[in-house]
Amino acid sequence: VRVVLDAAPAASSQPPPTSRAADTPRSARARVLVADDDASVADALSRVLAAEHDVTTCTSGESALAHLASDAPWDAVVCDLTMPGVDGVAVYEWVRAERPALASRSIPSP
């Protein structure tokens, strides 16, 4: 499985303008939520993605929904489709309804 996320815009060769916004550095790393009830799969996906992205893992659909419902911005979601309880399909349907811009960046995990 290969996941490709758009890179942040390249930094300008000119020094940034001095302002309060420049005082707080912003990470160019994408925030990815990995949800898989098999902890070893979640861990493996996390290790692969963490080299270039900020990854949060959870092992249930309920936990995935709690993370997604928070005000934290997510750039992508990798979710197991066959979890017990709240499955990946339900997570995806919630994303489509509540965070439609994120739906196209939701990926079923193997």
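Here is how the numbers come out for the structure above:
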| quantity | calculated |
| --- | --- |
| Burial ranking of peptide ranges 93-104, 74-85 (average Cβ count within 10 Å, highest at the top) | 74-85, 93-104 |
| Contour minus Cα-Cα distance for R96 and A72 (0.36 nm per residue) | 7.0 nm |
| Amide proton proximity set for C79, modelled H, under 5 Å, gap of 5+ | A35, I107, S109 |
| Contour minus Cα-Cα distance for R47 and I107 (0.36 nm per residue) | 19.9 nm |
| Cβ-based net charge around A42, under 11 Å, with every Lys or Arg adding one and every Asp or Glu removing one | -4 |
| Formal net charge of residues neighbouring E93 (Cβ-Cβ distance under 13 Å; K, R +1; D, E -1) | 0 |
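Since every read-out is calculated from the coordinates, none of them should be taken as a lab result. Just so you know, these numbers come straight off a predicted model, no measurement behind them. Neighbour counts are summed over all protein chains in view; Cβ atoms, including those assigned to glycine, are modelled from backbone coordinates with ideal geometry.
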